Amino acid sequence: MKIKVGMADLNVVLSPGILYTLGLGSCVGIALYDNRTKIAGLAHIMLPSSKAIKNNQNKAKFADTGIEMLIDKMVAKGAIIDNITAKIAGGAQMFTFQNEVSDLLNIGQRNISAVMDVLRDFGIPILSQDVGGNFGRTIELYSSTGMLVIKTINHGTKNI
């Protein structure tokens, strides 16, 4: 069973399910996996923090609230938080800026930093990552093995 995770979305599957998301540019895909229960979760976050947003209805859009929600869904299915590990992909800088606001506008790097901070706060180790650059990615998470397959145009396919 292959389940699509849309932009600003997340989902959880049991083995042998596969989760995938398309078109990670500055967005970051967070693949969480419990290797004992074979429960996998995938989030496609768009922004680093929900703190500045009022009346936000979509917690999956942000690193801080999306990762917490994904962990909660995995635990509800039987995952043990101490067994969960992470792999992350995305966070590209899709556009080039020629002035001092470039750090503020580099949402990809801000997303990567936020995801790493949130995972650290939850005590979830990042086993591997494929982040940054200036190209998009499509990813597939295999719940039977925890393998994350990253597909790119002009940069090949990578398994992490």
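Out of everything in segment 5-45 that is among the aliphatic types (A, V, I, L, M), under 14 Å from Met74 (Cβ atoms) and open to solvent by 10 Å² or more (accessible area, probe 1.4 Å), what residue ends up being farthest from the chain's Cα centre (by Cα)?
Leu14
Being in a loop (DSSP other than H, G, I, E, B) and among the hydroxyl-bearing types (Ser, Thr, Tyr) is the filter; apply it to segment 20-56 and report the residue that is farthest from Leu148 (Cα to Cα).
Ranking the qualifying residues of segment 20-56, first place goes to Ser50.
Hey, can you tell me all the residues within segment 125-149 that are open to solvent by less than 10 Å² (accessible area, probe 1.4 Å) and over 13 Å from the mean Cα position of the chain (by Cα)?
Answer for segment 125-149, where residues must be open to solvent by less than 10 Å² (accessible area, probe 1.4 Å) and over 13 Å from the mean Cα position of the chain (by Cα): Ser143, Gly146.
May I ask you to say which residue of Lys87, Lys2 is farther than 18 Å from Val115 by Cβ, open to solvent by 20 Å² or more (accessible area, probe 1.4 Å), in contact with an Asp or Glu (Cβ under 9 Å, 6 or more places away or on another chain) and among the basic types (Lys, Arg)?
Lys2 is the lone residue from the list that is farther than 18 Å from Val115 by Cβ, open to solvent by 20 Å² or more (accessible area, probe 1.4 Å), in contact with an Asp or Glu (Cβ under 9 Å, 6 or more places away or on another chain) and among the basic types (Lys, Arg).
Which pairs have Cβ atoms under 6 Å, sit 6 or more apart or on different chains, and link a residue in segment 136-153 that is free of Cβ contacts under 8 Å to residues at least 60 places away in the same chain to one that is assigned to a loop (DSSP other than H, G, I, E, B) and surrounded by 18 or more Cβ atoms within 10 Å (Cβ to Cβ)?
none
Inside segment 107-160, can you point out the residues that are of a type in the set (Ser, Thr, Tyr), under 18 Å from Gly41 (Cα atoms) and in contact with a Ser or Thr (Cβ under 8 Å, 6 or more places away or on another chain)?
If the condition is that a residue be of a type in the set (Ser, Thr, Tyr), under 18 Å from Gly41 (Cα atoms) and in contact with a Ser or Thr (Cβ under 8 Å, 6 or more places away or on another chain), then Thr138, Ser143, Ser144 are the ones that fit.
The values are calculated or read from the model by the stated rules, or taken from the named source; none is laboratory data. As the structure is a prediction and not an experimental result, all values here were calculated from the model. We place every Cβ from the backbone using ideal geometry, glycine too, and count neighbours over all the protein chains shown. Protein only, heavy atoms only, side chains kept; ligands, DNA and RNA dropped before computing areas. Shrake-Rupley method; radii C 1.70, N 1.55, O 1.52, S 1.80 Å.
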